1. Any idea which of (1) surrounded by 14 or more Cβ atoms within 10 Å (Cβ to Cβ); (2) under 15 Å from F378 (Cβ atoms) is the one V407 doesn't satisfy?
2. Go through T127, T153, T183, T115 for me and flag whichever is in a helix (DSSP H, G or I), over 30 Å from L336 (Cα atoms) and at pLDDT below 85.
3. Kindly evaluate S387 against the criterion of being hydroxyl-bearing (S, T, Y) and part of a helix (DSSP H, G or I).
4. Between a first residue in the range 439-453 that is in a strand (DSSP E or B) and a second residue that is polar (S, T, N, Q) and buried (at least 21 other Cβ atoms within 10 Å of the Cβ), which pairs have beta carbons less than 8 Å apart while being 6 or more apart in sequence or on different chains?
5. Which number in (1) more than 30 Å from Q194 (Cα to Cα); (2) modelled with pLDDT of 75 or more; (3) surrounded by 14 or more Cβ atoms within 10 Å (Cβ to Cβ) marks the one condition that R290 misses?
6. Tell me the residue from L405, L434, L420, L391 that is among the aliphatic types (A, V, I, L, M) and in contact with a helix residue (DSSP H, G or I) (Cβ under 6 Å, 6 or more places away or on another chain), please.
7. Just one of T97, T78 is modelled with pLDDT of 80 or more, among the polar types (S, T, N, Q) and part of a helix (DSSP H, G or I); which is it?
8. Evaluate the range 410-430: report whether one residue or more is closer than 17 Å to S454 by Cβ, among the charged types (D, E, K, R) and within 34 Å of the chain's Cα centre (by Cα).
Amino acid sequence: MVGHQWLPWINNPTSGSASVSSAKQEQEISSGCLRTRRNTSCRHSGPVVALSTLCSLLLAACVALSVLYNNESDRRPTWKNLLFNYQNISESCLALTKANSDLRGENERLRQRSTWLDAQNKLLNRTSAQLMSVNLALSLESTELTEQIVNLTSTNLELAQEHQSLVQHRSEQEEEKLNMSQTIKHLVNTGTRQEEEARRLSELNGLLRDELFQLREKNEELLENNHKFDGEIKNLSEQVRALLIDDCDEAKKHNMQLQERVTKLQERSQNLSSTLTKERQEAAEREESRRNEMDRVVADMRSVKEAFHSLDLYCPVLHHQTKERVCKKCQNSWRLFENKCYYFSTRMLTWSSSRAWCQTQGGDLLIVDSEAEQSFVFESSRAVEQSGSRLWIGMTDAEVEGEWLWVDGSSVASRAQYWLSRAGTGTEPDDWKLDDPLGEDCGHIDTSENALKSWMDGSCTIPYRWICEKNV
C-alpha cells in the first residue's frame with residue numbers, strides 16, 4: 001500500500017487518466033494550433049512542448065519506481081508489477097524519444113519549407129506587382145495600338161486616294177509621253193527633211209556660184225567689147241576730122257556713114273549695156289533669193305537645233321546606247337505647279353534684266369492668278385531664300401503712275417491683289433522716292449511678311465531675286 005502511494009496513477013486511476021487526458025488535450029491543442037494558426041512558431045513548437053512534458057513525466061516515473069524498488073524489495077508481487085511497469089515505461093520513453101527526434105527532424109524540415117514558402121510568397125508578391133505593372137503597360141500599349149490602327153486606317157484611305165490620283169497622273173504622263181514620242185518622230189523627220197533641203201540648197205548654191213562665175217566672165221567680155229567699140233569710135237572720129245580737112249564733101253558723106261556706123265555701134269553698146277545690166281539684176285536677184293533661202297535654211301536649222309535642245313532639256317537621254325528618253329513637264333531647276341513651270345532664282349538682277357532672263361528661257365516674270373498660286377510661290381521662294389527675302393514679279397506702273405499692269409498687258413486690279421499693309425504705316429504701293437527720285441515702279445514679293453500680304457513696289461534699278469513662269 002505504501003508503494004501505491006508513490007504512484008498515484010496506480011492507486012487513483014482517475015488521476016492517471018486525468019494526466020493522460022491533459023497530455024491528450026495538450027496534443028489536441030498543439031494539433032489545433034497546427035491546424036488553425038498560420039504562425040510558424042505555434043505550428044512547430046506544440047509537438048515539442050508535448051513531447052518534453054511526456055519525457056519529464058516518464059523520468060519522474062522512473063525515479064519513483066527506483067525508490068519503491070529500494071524501499072520495498074521484500075514485497076515480491078508489487079516489485080514484479082513495478083518492474084513490468086518500468087519496462088513498459090522505458091519502452092514507451094524510448095519510443096517517445098525516437099518520436100521526439102523524428103518530430104524534431106520533421107520540425108526542421110517544416111521550418112525549412114516554411115522559409116522556402118515565405119521566399120516563394122515574397123517572389124510571388126513581386127511577380128504579382130510586376131504582372132500588374134506589365135498589365136497596365138499592356139493596357140496603355142493596347143490603347144496606343146488602337147489609336148495607331150485608327151490613324152493607319154485614315155492614312156490607308158489617304159494613300160488609296162493618292163494612289164488613285166497617281167494612277168491617273170501616270171496615265172496622263174503616258175499620254176504625254178506618247179504625244180512627245182510622236183513629236184520626237186516629227187522633229188526627227190523634220191530634221192531629216194531639213195538636212196535634205198540644206199543639201200539641195202548647197203547644190204543650188206554651187207550651181208548659182210557657177211552661173212555667177214559665167215556671168216562675170218560674160219561681163220568681162222562685154223566690157224572688153226565696149227572698150228574696143230570706144231577705141232573704134234575714137235579712131236573713126238579722128239578719121240572724120242582728117243577727111244573734113246581734106247575734102248569737106250567726101251568728109252560729110254563719109255561722116256554720115258561714120259555717124260550711122262557710130263549710131264549703130266552706140267545702139268549695140270546700149271543694148272549690150274542694158275543686157276549686161278539686166279543680167280546683173282537677174283544675177284543679183286538670184287543671189288538675193290539664194291541668200292534668203294540660205295537664211296531661211298539657217299533659221300530652220302537653228303529652230304531644229306533649239307527644238308532638239310528643248311528636247312534634251314525636257315526629254316533627256318537616259319541610255320546613250322538605246323537612245324531612250326524620259327520626258328518631264330519642267331526642265332531642271334524649274335518646279336511644277338498645276339499647269340505651269342516656275343523658276344526661283346538665287347542670283348539678283350534688276351527688274352528689266354530679270355525679265356529678259358525669263359524671256360530667254362521661254363517664259364516671263366510671274367503673273368499671280370489665284371490665292372493658291374500666291375501661296376505656292378511664297379512658300380517656294382521662302383524655301384530657297386539665300387541672299388534676300390525680296391523677289392521681282394511681273395507687274396509695273398512705269399507707263400502710267402498708279403495704273404499697275406502685268407507683263408501680259410492685263411490690269412493688276414482685274415485679279416486678286418495681295419499688297420502689304422502695316423498698322424499705322426499705310427499700305428503698299430506707296431511710290432517711295434527717298435531711295436530713288438524716280439519712285440517705285442516695279443512690283444516684288446517680300447517673303448518676310450505674310451503670304452497673302454506680301455506685295456510691295458520698289459525701284460526697278462535695285463537688284464533682287466526673281467520668279468519666272470511658263471506654260472508646261
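1. With respect to (1) surrounded by 14 or more Cβ atoms within 10 Å (Cβ to Cβ); (2) under 15 Å from F378 (Cβ atoms), V407 is out only on (2).
2. Residue meeting the stated conditions: T153.
3. No; evaluated as a whole, the condition is false for this residue.
4. C442/T396; G443/T396; I445/S381; I445/S454; D446/S454; T447/S381; T447/S454
5. (1)
6. L391
7. T97
8. Yes, there is a match, as at least one residue in the range 410-430 is closer than 17 Å to S454 by Cβ, among the charged types (D, E, K, R) and within 34 Å of the chain's Cα centre (by Cα).
The values are calculated or read from the model by the stated rules, or taken from the named source; none is laboratory data. These numbers come from a predicted model, not from an experiment. Ideal geometry is used to build each Cβ from the backbone, glycine not excepted, and the neighbour counts take in all protein chains shown.
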